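K.L.:
One structure, as structure tokens, below. Some questions next.
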Amino acid sequence: MLSVDPYATKVLQPDAHSWLVANLESVAADAGISPDRIWTSMYDTDATPAEIEYLRAFRRQAAILGKYGLVFVGENPQRDIIAAMSYLAGALLRNRTRARVMPVADVLDYMASDGHPDHTCLLIPDFHELIAGQQKATRHRISKLVSLLLKRQAAGLQTILYVSDMNAMQLEYGNLIGRHITSHYHFVDVG
């Protein structure tokens, strides 16, 4: 049982969100976030105008705008990408959109056992990150990631990624992923 009132911030409204509050723990667990992300307004976070605009146009992204996601690009020690993605997922859940924050390793494990994640919005906070001494990705891993992005696009599903350096990602993952993201994703410059 929660020790706080999820309606206290006024982000959740009893008439519109009672279904969500009644299932708060399980919905948050399915989304891979803590429940407080669900009742926190994006305006009370360090969200950029681009992130908020992406959310406002979420239902039009694929069908009307031809965009299949959002990619955070760059390095900024002041910006917590996992928190940013958790707040985005919380906002989507409030609007009856099934979202899930999953590290890339968990996504690959999920694909191996259960197929492709079918959440309306999949948020991957470590899609590609420069790490000193890290081994290069295998062809198998790259092929799985290409499959993930293309299948999600074909299904009209949104994917939010974090890439610390687009050039480095393209060198490691290849031009196909780089062109796909450049053509079909909105960009948020992290710094």
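The values are calculated or read from the model by the stated rules, or taken from the named source; none is laboratory data. Predicted model, so just to flag it, every value in this text is computed and none were measured. We place every Cβ from the backbone using ideal geometry, glycine too, and count neighbours over all the protein chains shown. Heads up: the accessible areas ignore ligands, DNA and RNA and are worked out on the full protein's heavy atoms, side chains in. Shrake-Rupley method; radii C 1.70, N 1.55, O 1.52, S 1.80 Å.
K.L.:
Select from segment 1-39 those chymotrypsin sites (Phe, Trp or Tyr not before Pro) which occupy a DSSP coil region and have at most 16 other Cβ atoms within 10 Å, ordered by residue number. Kindly include the intermediate steps, with their values, before the conclusion.
P.N.:
Working: sites: Y7, W19, W39; in loops: Y7, W39.
Answer in residue order: Y7.
K.L.:
Relative contact order of the chain, please, whole-number percent, based on alpha carbon pairs below 8 angstrom and at least 6 residues apart.
P.N.:
28 percent
K.L.:
So which lysines pass the test for K144, namely a Cα distance under 18 Å, with those fewer than 8 places away in the same chain ruled out?
P.N.:
K136
K.L.:
Something else: With the full set of protein chains in place, find how many percent of the accessible area of the chain is carbon and sulfur; take the probe as 1.4 Å.
P.N.:
Numbers: 5070 of 9740 Å².
That share works out to 52 percent.
K.L.:
While we're here: Sort I52, I124 by heavy-atom solvent-accessible area, probe 1.4 angstrom, most to least.
P.N.:
I52, I124
K.L.:
Can you give the longest run of the chain that contains no trypsin sites (Lys or Arg not before Pro) sitting in a DSSP loop with at most 10 other Cβ atoms inside 10 Å?
P.N.:
11-135
K.L.:
Ignoring ligands and nucleic acids, what accessible area does E129 show with a 1.4 Å probe (Å², nearest 10)?
P.N.:
70 Å²
K.L.:
May I pose another question? Scan around L70 for amide H atoms under 5 Å from its own, H built in the peptide plane at 1.01 Å from N, and keep only partners 5 or more places away or cross-chain.
P.N.:
It is T159, I160, L161, H186, by chain and number.
K.L.:
Please list, ordered by chain and number, the residues whose modelled amide H lies under 5 Å from the amide H of D165; skip anything fewer than 5 residues away on the same chain.
P.N.:
G74, L130
K.L.:
How much net charge surrounds A28 when only other residues with a Cβ under 10 Å from its Cβ are counted (Lys, Arg +1; Asp, Glu -1)?
P.N.:
Values: positive: R37; negative: E25, D30, D36.
Overall, the nearby charge balance is -2.
K.L.:
Which far-off residues, 5 or more places away or on another chain, put their amide H under 5 Å from the one on D126, with H placed in the peptide plane?
P.N.:
Residues meeting the criterion, in which the H sits 1.01 Å from N, are V104, Y162.
K.L.:
Still on this structure: First check a/c for segment 60-102, with a ≥ b ≥ c the square roots of the eigenvalues of its C-alpha gyration tensor; if it is under 1.5, answer rounded, and if not, answer prolate when a/b is larger than b/c or oblate otherwise.
P.N.:
On the way: a/c = 2.95, a/b = 1.35, b/c = 2.18.
It comes out oblate by the Cα gyration axes.
K.L.:
Could you state the number of Å between the C-alpha centres of segment 100-156 and segment 11-47?
P.N.:
25 Å
K.L.:
Additional query: Could you point to the label whose value was computed as Rg and Dmax of the Cα atoms in Å for the structure here, given (1) 24.6, 77; (2) 17.5, 57; (3) 16.7, 52?
P.N.:
Looking at Rg and Dmax of the Cα atoms in Å for this model, the match is (3).
K.L.:
A further question follows. Ordering Y110, Y185 by accessible area with a probe of 1.4 Å, largest first, what comes out?
P.N.:
On the way: Y110 65, Y185 5 Å².
Per-residue accessible area, sorted high to low, gives Y110, Y185.
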